[in-house]
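*Asks:* Structure incoming, see below.
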Amino acid sequence: MGILNVTPDSFYDGGLFSSVEQAVRHARRMVDEGAHLIDVGGESTRPGATPVDADEEIRRVVPVIRALADADIPVPVSIDTSKPEVMKAAVAAGAGLINDVRALRVPGALDAAAEMGVPVCLMHMQGQPQTMQARPSYKDVVSEVVEFLRRRVDEAVAAGIPRSRLLIDPGFGFGKTVEHNLVLLRRLSDLRSLGLPILVGLSRKSMIGALLGTPPADRLADSVALALMALREGASMVRVHDIRPTCDALRLFEAVYEGTMR
Ligand code: 7PM
């Protein structure tokens with residue numbers, strides 16, 4: 001899954017792809033490099049970021065989604081949003097998957113997602129983006145994330161979204177200390193008890209900076225390494241900025257482990 005930010009303030013490529021043509025060009029490049037899905041996001045979930053209203057989010061993402069559809073980008077587009085109005089507008093414009101860091105907890109989101117009939121990724125987050133990194137706290141981070149996701153999956157199914165349309169994501173960096181992130185990565189296979197594909201996002205995240213002291217722009221090799229570790233621990237999909245190096249590493253991974261896993 002290639003990341004296509006259309007926020008003016010995202011932490012790594014903020015502002016770089018703000019115009020529609022640039023967004024399409026970047027998406028095409030990611031597909032040429034091996035991306036199977038393009039994740040379009042118009043709300044920054046950066047800790048401390050100012051919230052965006054639904055109209056502004058729609059103004060950012062819908063023209064890009066429509067342009068990607070018109071440009072015949074040959075992979076599905078996902079919409080990174082928590083707002084039911086944005087989900088509906090994005091799917092109407094051509095999005096084929098909803099990626100929700102709030103796991104359909106915003107009022108109306110369960111029904112909107114069920115109505116749109118597309119697959120949904122349910123992500124774990126403790127707290128709200130504004131304050132989630134203040135003091136993340138768990139008794140047992142792995143079992144709490146698994147139980148949270150189990151409940152959200154049950155709610156989604158009860159709202160009419162078939163299990164076969166769901167993915168889960170532990171939400172690295174969303175209300176988690178570096179130690180929480182490391183335990184979750186080491187025990188990612190515990191999430192497989194839910195029987196759903198696992199998506200992970202580790203690309204250029206601050207845990208790398210905390211461990212290695214590198215700024216976001218210098219976290220390429222580190223991000224590729226973490227993506228491979230996540231795949232080794234059972235991830236089905238990785239959400240990344242850097243498609244070509246990640247795909248190269250993945251091909252090597254597949255050559256090494258071909259037929260030996262799962
Ligand atoms: C600032 C802080 C800017 C964090 C951007 C981010 C995930 C996601 C994001 C993830 C899923 C980033 C994040 N992260 N969706 N959206 N999983 N499913 O690093 O880990 O891109 S936003």
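The values are calculated or read from the model by the stated rules, or taken from the named source; none is laboratory data. On a predicted model such as this, the values are computed, not experimentally measured, just so you know. Quick reminder, even Gly has a Cβ in these numbers, built from the backbone with ideal geometry, and neighbours come from all protein chains shown.
*Asks:* Could you list, in sequence order, all residues of region 91-101 that are aliphatic (A, V, I, L, M), buried (at least 21 other Cβ atoms within 10 Å of the Cβ) and free of Cβ contacts under 8 Å to residues at least 40 places away in the same chain?
*Replies:* Passing the criteria: 91, 98.
*Asks:* Kindly indicate which of 193, 223 is part of a helix (DSSP H, G or I), surrounded by fewer than 18 Cβ atoms within 10 Å (Cβ to Cβ) and either at pLDDT 95 or above or within 11 Å of the ligand (Cβ to nearest atom) (or both).
*Replies:* Among 193, 223, only 193 is part of a helix (DSSP H, G or I), surrounded by fewer than 18 Cβ atoms within 10 Å (Cβ to Cβ) and either at pLDDT 95 or above or within 11 Å of the ligand (Cβ to nearest atom) (or both).
*Asks:* Evaluate the following for residue 104: is it more than 17 Å from the chain's Cα centre (by Cα), buried (at least 21 other Cβ atoms within 10 Å of the Cβ) and under 21 Å from residue 158 (Cβ atoms)?
*Replies:* no
*Asks:* Here's a follow-up. Just a yes or no: is a residue in region 163-181 more than 21 Å from residue 121 (Cβ to Cβ) and touching a Pro at 6+ places or on another chain (Cβ under 6 Å)?
*Replies:* Taking region 163-181 first, the residues more than 21 Å from residue 121 (Cβ to Cβ) are 177-179.
If we keep only those that are touching a Pro at 6+ places or on another chain (Cβ under 6 Å) as well, we get 177.
Looking for residues that are more than 21 Å from residue 121 (Cβ to Cβ) and touching a Pro at 6+ places or on another chain (Cβ under 6 Å), one finds at least one in region 163-181, hence yes.
*Asks:* Going by the conditions given, is residue 183 at pLDDT 95 or above, outside any helix (DSSP H, G or I) and not small (Gly, Ala, Ser)?
*Replies:* Considered against the rule, which asks whether it is at pLDDT 95 or above, outside any helix (DSSP H, G or I) and not small (Gly, Ala, Ser), residue 183 comes out as no.
*Asks:* Scan region 1-25 for residues that are assigned to a strand (DSSP E or B) and either surrounded by fewer than 15 Cβ atoms within 10 Å (Cβ to Cβ) or modelled with pLDDT of 95 or more (or both) and report the count.
*Replies:* 3
*Asks:* Take the residues in region 236-255 that are of a type in the set (Lys, Arg) and farther than 25 Å from residue 166 by Cβ; name whichever of them is nearest to the chain's Cα centre (by Cα).
*Replies:* Filtering region 236-255 for residues that are of a type in the set (Lys, Arg) and farther than 25 Å from residue 166 by Cβ, the one nearest to the chain's Cα centre (by Cα) comes out as 244.
*Asks:* From the list 176, 83, pick out the single residue that is closer than 21 Å to residue 204 by Cβ, within 15 Å of the ligand (Cβ to nearest atom) and among the basic types (Lys, Arg).
*Replies:* Selected residue: 176, the only one of 176, 83 that is closer than 21 Å to residue 204 by Cβ, within 15 Å of the ligand (Cβ to nearest atom) and among the basic types (Lys, Arg).
*Asks:* Using beta carbons and a limit of 9 Å, which pairs, at least six apart or on different chains, have the first residue in region 221-248 and closer than 16 Å to residue 189 by Cβ and among the acidic types (Asp, Glu) and the second one outside any helix (DSSP H, G or I) and within 12 Å of the ligand (Cβ to nearest atom)?
*Replies:* 233/198; 233/200
*Asks:* A further question on this structure: Could you go through region 106-115 and let me know if any residue there is within 16 Å of the ligand (Cβ to nearest atom), among the small types (Gly, Ala, Ser) and out of contact with any Pro (no Cβ under 9 Å at 6 or more places or on another chain).
*Replies:* no
*Asks:* Looking only at residues that are assigned to a helix (DSSP H, G or I), of a type outside the set (Val, Ile, Thr) and touching a residue at least 40 places away in the same chain (Cβ under 8 Å) in region 112-142, which one is surrounded by the fewest Cβ atoms within 10 Å (Cβ to Cβ)?
*Replies:* Here the residue is 114.
*Asks:* Being at pLDDT below 95 and over 18 Å from the mean Cα position of the chain (by Cα) is the filter here, so list the residues in region 26-50 that pass it.
*Replies:* Once the filter is applied, which keeps residues that are at pLDDT below 95 and over 18 Å from the mean Cα position of the chain (by Cα), region 26-50 yields 48, 50.
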